[in-house]
Amino acid sequence: MAVLFSRIKGMLFLLFLPCFCSHQPAPPLLRFSIFLDPSNVVSLRWDHDEQELMTFELQVHTTGWVAFGFSPHGELPGSDIVIGGVFPNGSIYFSVS
């Protein structure tokens, strides 16, 4: 996993948020995947294109929000954090810090 983060340092990251609309295009085919927990509940899928643009999909049962971090060294200090979720009225929020 550390090799993956060292390769993608400095690339543009996209987090695929599932679309709840029936007329949206199908999500892209993502070739790589891994479960991030021992219970196989949190699933991460990703892929990259020729321009090194990466697409991520995180699937997890939540209470309405999820956070995800990127770090070249596997620790929280100095990492990039993505937070997203759904408000009770159904609107989606997304933040990068």
Condition check for SER71: of a type in the set (Ser, Thr, Tyr), more than 12 Å from the chain's Cα centre (by Cα) and loosely packed, with under 10 Cβ neighbours inside 10 Å: no
Selected residue (criterion: most open to solvent (accessible area, probe 1.4 Å)) from residues of segment 37-68 that are among the polar types (S, T, N, Q) and under 11 Å from the mean Cα position of the chain (by Cα): GLN59
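The values are calculated or read from the model by the stated rules, or taken from the named source; none is laboratory data. Remember, predicted model here, so these are calculated numbers, not experimental data. Quick reminder, even Gly has a Cβ in these numbers, built from the backbone with ideal geometry, and neighbours come from all protein chains shown. With ligands, DNA and RNA removed, areas are computed over all heavy atoms of the protein, side chains included. Shrake-Rupley method; radii C 1.70, N 1.55, O 1.52, S 1.80 Å.
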